[in-house]
Amino acid sequence: MEGSGRPLVAVLMGSDSDLPVMREAEQSLALFGIPFVTRITSAHRALRRTVALVERLEADGVEVFVVGAGLAAHLAGVVAGVSTRPVIGVPLEGGSLRGADALYSTVQMPAGVPVATVAIGKAGARNAGILAAEILAVARPELRERLRAFRQELERSVEKKDRDLAAGGAGGGERTA
Ligand code: AIR
């Protein structure tokens, strides 16, 4: 699978102010060589346009939607209402409630229209890209291999941190009282 070509994932967000965080999702998808398209649209400011865009993306072959929004974040729910493809919602920080508003708006979907909701902010956006890869990997063995290698690398990075700690590099190691 190549990083370019027909997009398999659509990364959608409510505003250009969401872009710095949603770049994390793009980076995860790029890491696994998954072709994606990124678009800005809004559930509240451009509802009809959002519906038409999602219908077009689905018709063009998008298999998973990664959707970020902040404040009263209804974009992921609207996308899930339009499409039967899996929707991963990323609640974004911003405003006085620091993402709690977006988390509740995204996660509390009524029965029948699921949104798989990840953590608030950058960690969530990064995980959304990885989760999209895992969904696509169900039917793509080569992508499963990339995910396995990624997990091994994660484990190695933890081992390295532990070794560095033991060597005193991170200001730690064994201590006595
Ligand atoms: N938003 C845009 N339309 C509907 C919603 N909920 C969100 C954006 C962004 C926040 O409102 O996803 O996180 C603030 O947008 P802006 O454009 O004012 O910076």
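The values are calculated or read from the model by the stated rules, or taken from the named source; none is laboratory data. None of these values were measured; they are calculated from a predicted model. No Cβ is skipped: glycine too gets one built from the backbone with ideal geometry, and neighbour counts run over all protein chains shown.
Some notes on this structure:
- Residue match in the stretch 26-39 (condition: among the aliphatic types (A, V, I, L, M) and either over 24 Å from residue 133 (Cβ atoms) or within 15 Å of the ligand (Cβ to nearest atom) (or both)): no
- When the criteria are applied in full, residue 21 meets the requirement of being under 15 Å from residue 128 (Cβ atoms) and within 14 Å of the ligand (Cβ to nearest atom).
- Each residue in the stretch 161-174 was checked for being exposed (fewer than 11 other Cβ atoms within 10 Å of the Cβ) and either at pLDDT 95 or above or within 28 Å of residue 34 (Cα to Cα) (or both), and 1 of them qualify.
- Neighbours by Cβ (under 7 Å, 6+ apart or cross-chain): first from the stretch 118-133, at positive phi; second surrounded by 20 or more Cβ atoms within 10 Å (Cβ to Cβ): 121/21; 121/92; 121/99
- Summed over the stretch 1-32, residues that are more than 15 Å from residue 63 (Cα to Cα) and assigned by TED's automatic domain parsing to the domain that holds residue 89 total 19.
- Count - residues of the stretch 62-114 that are within 15 Å of residue 12 (Cα to Cα), more than 9 Å from the ligand (Cβ to nearest atom) and of a type in the set (Gly, Ala, Ser): 6
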